[in-house]
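Undergrad: Below is one structure. I have some questions about it.
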Amino acid sequence: MNSNPSNVMALTSTTSNKKETVCIFGTGDFGRALAYKMIQSGYSVVFGSRQAQISSLIPKGAEVLSHTEAAQKAAIIIIAIPRQHYNFLLPLAEVLHGKVLVDVSNNLKLNQYSQSNAEYLAQLIPGAKVVKAFNTVSAWALQSGTLDASRQVFVCGDDKKAKQMVMDIVRALGLTPLDQGSLLAAQEIENYPLQLFPMWKFPIFLSLGLIAFFFFYCLIRDVIYPYVNEKKDLSFFIAISIANRICPVLALILLALVYLPGVLAAVIQLYRGTKYSRFPDWLDKWMLCRKQLGLVALAFAFLHVLYTLIIPIRYYVRWRTNSRVISQILNNRTDPFDNTSAWLSDSYLALGILGFFLFVLLGITSLPSVSNSVNWQEFRFVQSKLGYLTLILCTAHTLVYGGKRFLYASSYRWYLPNAYMLSLIVPCTVLVVKFVLVFPCLDKPLTRIRQGWERNPRYSE
């Protein structure tokens, strides 16, 4: 068996202070940025290029050689070129035999090819050990050093030693490698940078849909109805009043939607008598984006607080207050103090403050830096127990705000109820079903099912 002199370098990660030489094919933005970062971290970098001459763009300290000469000097070769140019590697197949080829490429659209770039590279150069890595890190982040938003590097490959060598380089650059398994994961890793907030799509689109619905709903009730029936121009309500109706409505509905899938999952498990059957796909996706739903709900709650704080300085409110005071003076009349109204007003505000405080606490504990510092039991207590308490307080806040107004015919303009009444449908449904599930006759079998018990086991012992 003939030995290739280019393969003398062993495929093992260095344990000495002096780091190995790394070859980079490609002198584009990403290749240069990666070389710059590697040189800073103590690596020797050699570029493989069609033109073996040093350009002013090449980082200082890097060597530029032909592809063959550069490949012979390193055991790890980073392929920083687009997939459509991989064919130039075919004449180098013998030199690349046994080398670690790190594919860093990305595509222009999701699932652009039926086969991932890394798998295609492995098929093109079968004698090499292909590892997918670095495609989720941008050249700008590497060069500027602002890596907080992209510190994680997904790594996958079929050869464990080759993958470990690449992960050692990732750590040396101050990044965090995440082992994603075999090269079969390359397609998913290559699709990741092309996804624009994948877990936020449903919450954002749902929020936009609800905003549009409630905006036109409130516009009809609060602006169009008074204009048609009373000839009052209240179009200025759009800026503050309608916005301050929409924000709390969406905050409450979205908060309820965070806990609704958990309730539905419990009902499904009770019905099936097992936890080993998959939930419907729509429910799985819904449960995966609950954190994002909660954060969007918190954003609307913040807006509601801000809008509420500016109410006293609004011209319309000051005008209405002054007109009422002048009217009482002219009529020599004073409204008597209503103790019941005072209790309702203070209770409404107190429930809102407490609900908002717990709402913020839920948002803080969902941050990775906080959630990583608590154990699962503590995280579950905050997100589940305190979460349902938040939902109860916010629902009670809305109920007290409405009071008896739902009984008055004047509350139904063109037979349309107030927006806050509609916002109570989902949270009240969630709380009622959750209350029923707490009963021992349902809670005990549900707990047993979640511990592995099955009503009708598939296999009898």
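Undergrad: Having 3 or more residues that are under 26 Å from residue 20 (Cβ atoms) and touching a Pro at 6+ places or on another chain (Cβ under 7 Å) is the bar; report the helices (runs of 4 or more DSSP H) wholly within segment 119-206 that clear it.
TA: 160-172
Undergrad: Looking only at segment 92-104, count how many residues are within 21 Å of residue 32 (Cβ to Cβ) and open to solvent by less than 10 Å² (accessible area, probe 1.4 Å).
TA: Initial filter on segment 92-104 (within 21 Å of residue 32 (Cβ to Cβ)): 100-104.
Restricting the remaining residues to those that are open to solvent by less than 10 Å² (accessible area, probe 1.4 Å) gives 100-103.
Going through segment 92-104 one residue at a time, the tally reaches 4.
Undergrad: Among the listed residues 13, 49, identify the single one that is at pLDDT below 90, outside the structural domain of residue 115 (by the TED database) and not hydrophobic (A, V, I, L, M, F, W, C). Give the derivation first.
TA: On the way: 49 fails: outside the structural domain of residue 115 (by the TED database).
Selected residue: 13, the only one of 13, 49 that is at pLDDT below 90, outside the structural domain of residue 115 (by the TED database) and not hydrophobic (A, V, I, L, M, F, W, C).
Undergrad: Okay, next question. Quick check: anything in segment 48-68 open to solvent by 30 Å² or more (accessible area, probe 1.4 Å), in contact with a Cys (Cβ under 8 Å, 6 or more places away or on another chain) and not acidic (Asp, Glu)?
TA: No, segment 48-68 has no match at all.
Undergrad: Can I ask one more? Would you point out which residue out of 224, 242, 211 is in contact with a Phe, Trp or Tyr (Cβ under 7 Å, 6 or more places away or on another chain), in a helix (DSSP H, G or I) and closer than 18 Å to residue 417 by Cα? Don't jump to the end; show me each part of the working.
TA: On the way: 224 fails: in contact with a Phe, Trp or Tyr (Cβ under 7 Å, 6 or more places away or on another chain); 211 fails: in contact with a Phe, Trp or Tyr (Cβ under 7 Å, 6 or more places away or on another chain).
It is 242.
Undergrad: So residue 72 ticks every box in (1) touching a residue at least 60 places away in the same chain (Cβ under 8 Å); (2) among the polar types (S, T, N, Q); (3) farther than 14 Å from residue 25 by Cβ; (4) buried (at least 16 other Cβ atoms within 10 Å of the Cβ) but one. Which box is left unticked?
TA: (3)
Undergrad: Would you list the helices (runs of 4 or more DSSP H) that sit entirely within segment 259-372 and hold 1 or more residues that are acidic (Asp, Glu)? If you could, list the steps in order and put the result at the bottom.
TA: Numbers: elements: 281-288, 290-309, 315-330, 339-365, 368-371.
Once the helices (runs of 4 or more DSSP H) in segment 259-372 are filtered for at least 1 residues that are acidic (Asp, Glu), what remains is 281-288, 339-365.
Undergrad: Right, next: Starting from residues that are open to solvent by less than 90 Å² (accessible area, probe 1.4 Å) and in a helix (DSSP H, G or I), keep the ones in segment 439-454 and report whichever is farthest from residue 267 (Cα to Cα).
TA: 440
Undergrad: Could you tell me which numbered condition residue 223 fails, if it satisfies all but one of (1) open to solvent by 40 Å² or more (accessible area, probe 1.4 Å); (2) among the aliphatic types (A, V, I, L, M); (3) over 20 Å from residue 426 (Cβ atoms)?
TA: (1)
Undergrad: Residue 430 - would you say it is open to solvent by 30 Å² or more (accessible area, probe 1.4 Å) and either of a type in the set (A, V, I, L, M, F, W, C) or within 20 Å of residue 302 (Cβ to Cβ) (or both)?
TA: In short, no.
Undergrad: While we're looking at this one, here's another question. Could you list all residues from segment 286-298 that are without any contact (Cβ under 8 Å) to a residue 60 or more places away in the chain and either touching a strand residue (DSSP E or B) at 6+ places or on another chain (Cβ under 9 Å) or open to solvent by less than 50 Å² (accessible area, probe 1.4 Å) (or both)? Show your work before the answer.
TA: Start the filter on segment 286-298 by keeping residues that are without any contact (Cβ under 8 Å) to a residue 60 or more places away in the chain, which leaves 287, 290.
Once the filter is applied, which keeps residues that are without any contact (Cβ under 8 Å) to a residue 60 or more places away in the chain and either touching a strand residue (DSSP E or B) at 6+ places or on another chain (Cβ under 9 Å) or open to solvent by less than 50 Å² (accessible area, probe 1.4 Å) (or both), segment 286-298 yields only 287.
Undergrad: Okay, moving on. Looking at segment 385-418, which of its residues are of a type in the set (S, T, N, Q) and without any contact (Cβ under 8 Å) to a residue 40 or more places away in the chain? Walk me through it before giving the result.
TA: From segment 385-418, those of a type in the set (S, T, N, Q) are 390, 395, 398, 410-411, 418; that's our starting set.
Answer for segment 385-418, where residues must be of a type in the set (S, T, N, Q) and without any contact (Cβ under 8 Å) to a residue 40 or more places away in the chain: 410, 411.
Undergrad: Based on what the data block shows, is residue 355 touching a residue at least 12 places away in the same chain (Cβ under 8 Å) and at positive phi?
TA: Values: touching a residue at least 12 places away in the same chain (Cβ under 8 Å): yes; at positive phi: no.
No.
Undergrad: Also: Being within 29 Å of the chain's Cα centre (by Cα) and open to solvent by 40 Å² or more (accessible area, probe 1.4 Å) narrows it down to one of 212, 265, so name that one.
TA: Values: 265 fails: open to solvent by 40 Å² or more (accessible area, probe 1.4 Å).
On inspection, the qualifying residue turns out to be 212.
Undergrad: Examine segment 328-348 for a residue that is open to solvent by less than 80 Å² (accessible area, probe 1.4 Å) and in contact (Cβ under 8 Å) with a residue 24 or more places away in the chain, and state whether such a residue exists.
TA: yes
Undergrad: What pairs can you find where one residue is in segment 223-247 and free of Cβ contacts under 8 Å to residues at least 60 places away in the same chain, the other is among the hydroxyl-bearing types (Ser, Thr, Tyr) and open to solvent by 20 Å² or more (accessible area, probe 1.4 Å), and their Cβ atoms are less than 6 Å apart, with a gap of 6+ or different chains?
TA: 223/235
Undergrad: Check segment 157-178 and report whether any residue there is more than 28 Å from residue 282 (Cβ to Cβ) and in contact with an Asp or Glu (Cβ under 8 Å, 6 or more places away or on another chain).
TA: Yes.
Undergrad: Give all pairs with beta carbons closer than 9 Å in which a residue from segment 76-89 that is within 13 Å of residue 45 (Cα to Cα) meets a residue that is modelled with pLDDT under 90 and among the hydrophobic types (A, V, I, L, M, F, W, C); count only pairs at least 6 apart in sequence or on separate chains.
TA: 76/11
Undergrad: Looking at residue 250, is it in a helix (DSSP H, G or I) and open to solvent by less than 40 Å² (accessible area, probe 1.4 Å)?
TA: Answer is yes for this residue.
Undergrad: Let me ask you something else. For residue 241, all conditions in the list (1) modelled with pLDDT under 95; (2) under 29 Å from residue 107 (Cβ atoms) hold save one; what is the number of the exception?
TA: So the condition that residue 241 fails would be (2).
Undergrad: Quick one: in segment 368-388, which of the residues that are of a type in the set (A, V, I, L, M, F, W, C) and modelled with pLDDT of 80 or more is nearest to the chain's Cα centre (by Cα)? Spell out the reasoning first.
TA: Filtering segment 368-388 down to residues of a type in the set (A, V, I, L, M, F, W, C) leaves 370, 374, 376, 379, 381-382, 386.
Narrowing further to those that are modelled with pLDDT of 80 or more: 379, 381-382, 386.
On the way: 379: 18, 381: 22, 382: 19, 386: 22 Å.
Among those that are of a type in the set (A, V, I, L, M, F, W, C) and modelled with pLDDT of 80 or more, it is 379.
Undergrad: I'm checking my understanding of the structure. Among residues of segment 125-139 that are open to solvent by less than 30 Å² (accessible area, probe 1.4 Å) and over 22 Å from residue 38 (Cα atoms), which one is modelled with the lowest pLDDT?
TA: 127
Undergrad: Within segment 59-89, can you find the residues that are assigned to a loop (DSSP other than H, G, I, E, B) and over 41 Å from the mean Cα position of the chain (by Cα)?
TA: Of the residues in segment 59-89, the ones assigned to a loop (DSSP other than H, G, I, E, B) are 59-62, 66, 73-75, 80-82.
Matches in segment 59-89: 66, 73.
The values are calculated or read from the model by the stated rules, or taken from the named source; none is laboratory data. All of these numbers come straight from a predicted model, not from anything done at the bench. All Cβ positions, glycine included, derive from the backbone under ideal geometry; neighbour counts span all protein chains shown. Please note that ligands, DNA and RNA were not included when accessible areas were found on the heavy atoms of the full protein model with its side chains. Shrake-Rupley method; radii C 1.70, N 1.55, O 1.52, S 1.80 Å.
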